[in-house]
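J.: Structure provided below as structure tokens; questions to follow.
The values are calculated or read from the model by the stated rules, or taken from the named source; none is laboratory data. The model shown is predicted, which means the values in this text are computed figures rather than measured ones. Ideal geometry is used to build each Cβ from the backbone, glycine not excepted, and the neighbour counts take in all protein chains shown.
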Amino acid sequence: MRILLVEDERKIANFIERGLKEEHYAVDVASNGEKAIFMNDVNPYDLIILDIILPGRDGLSVCKELRDKKIDTPILMLTARGNTGDKVSGLDSGADDYLTKPFSFEELLARIRALLRRNRINKTTIIKAADLEIDQLTHKVKRAGKEIALTSKEYALLEYFMLHVNQVVTRTMISEHVWNEDFDSFTNVIDVYVNHLRNKIDSDFKNKLIHTIRGTGYILKE
Ligand code: CA
């Protein structure tokens, strides 16, 4: 899952970025509203965290412009403490939720998870496919009841497959949603990670879940 973080205060931005990366999210940071609009035009984000107070145009006008452009990416707005007006205007401008600064990182993560699963029928943090299951809260992965240890990137990749079970997932989709702007498209890093994942998820089992679609990408089939 790839997140655009729009925040000009570098200390706060660094803190959130680092924390989200530890939680396996791919993160890009925009330090002002114009950059945010541009980055959103060129990258497909799964969620946007948008601070209201930015230099130049504020978060409210950025949010409004994104919604006017029919961008329906979930937007979590960061508001200043005690400013009820901000919360109301934030929601009115098209934000899905807001969080008041200062906030605990745990709460930020919980809001993000809730927004990311808002269109899912299954609202729990556990996703299952065949005998494989992952928990988005604890990042625990189990196959046939046995726990499997994955690295953070392997987990992010598997989560993306699980959210698109029985659908073809192209290398472009993976590069755009599991990696951030630092992704180098001239490497075979995706195939390398998929192979790592297969070794851990599939190699001990007769029923293989991850399949290659030649020339296109992969599919996790139940
Ligand atoms: Ca700010």
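J.: Applying the selection to region 162-179, what residues are among the polar types (S, T, N, Q) and either part of a loop (DSSP other than H, G, I, E, B) or not assigned by TED's automatic domain parsing to the domain that holds Arg214 (or both)?
T.: Answer for region 162-179, where residues must be among the polar types (S, T, N, Q) and either part of a loop (DSSP other than H, G, I, E, B) or not assigned by TED's automatic domain parsing to the domain that holds Arg214 (or both): Asn166, Gln167.
J.: Any idea which of Leu132, Leu109, Leu91, Leu99 is over 21 Å from Glu17 (Cβ atoms), aliphatic (A, V, I, L, M) and assigned by TED's automatic domain parsing to the domain that holds Ile52?
T.: The match here is Leu91.
J.: Let me ask something else about it. Of the residues in region 72-93, how many are surrounded by fewer than 17 Cβ atoms within 10 Å (Cβ to Cβ) and at pLDDT 95 or above?
T.: 1
J.: Of the residues that make up region 33-42, is at least one closer than 13 Å to Asp96 by Cα and assigned by TED's automatic domain parsing to the domain that holds Gly94?
T.: Looking for residues that are closer than 13 Å to Asp96 by Cα and assigned by TED's automatic domain parsing to the domain that holds Gly94, one finds none in region 33-42, hence no.
J.: Considering each of Glu22, Glu7, Glu17 in turn, give the residue that is under 19 Å from Gly94 (Cα atoms) and either buried (at least 21 other Cβ atoms within 10 Å of the Cβ) or outside the structural domain of Thr172 (by TED's automatic domain parsing) (or both).
T.: One residue alone meets the criteria, Glu7.
J.: Of the numbered conditions (1) exposed (fewer than 13 other Cβ atoms within 10 Å of the Cβ); (2) farther than 22 Å from Ile48 by Cα; (3) polar (S, T, N, Q), Asn119 fails exactly one; give the number of that condition.
T.: Asn119 satisfies all of (1) exposed (fewer than 13 other Cβ atoms within 10 Å of the Cβ); (2) farther than 22 Å from Ile48 by Cα; (3) polar (S, T, N, Q) except (2).
J.: Oh, and also: Name the one entry in Leu78, Leu60, Leu54, Leu47 that is farther than 21 Å from Tyr155 by Cβ, in contact (Cβ under 8 Å) with a residue 60 or more places away in the chain and either within 16 Å of the ligand (Cβ to nearest atom) or in contact with a strand residue (DSSP E or B) (Cβ under 7 Å, 6 or more places away or on another chain) (or both).
T.: From the options Leu78, Leu60, Leu54, Leu47, the qualifying one is Leu78.
J.: On the basis of being within 16 Å of the ligand (Cβ to nearest atom) and either more than 23 Å from His177 (Cβ to Cβ) or touching a Lys or Arg at 6+ places or on another chain (Cβ under 8 Å) (or both), does Thr84 make the cut?
T.: When the stated conditions are applied, Thr84 does not pass them.
J.: Could you check, for region 19-28, whether at least one of its residues is touching a Leu at 6+ places or on another chain (Cβ under 6 Å), of a type outside the set (Ser, Thr, Tyr) and within 14 Å of the ligand (Cβ to nearest atom)?
T.: No; the residues of region 19-28 include none that is touching a Leu at 6+ places or on another chain (Cβ under 6 Å), of a type outside the set (Ser, Thr, Tyr) and within 14 Å of the ligand (Cβ to nearest atom).
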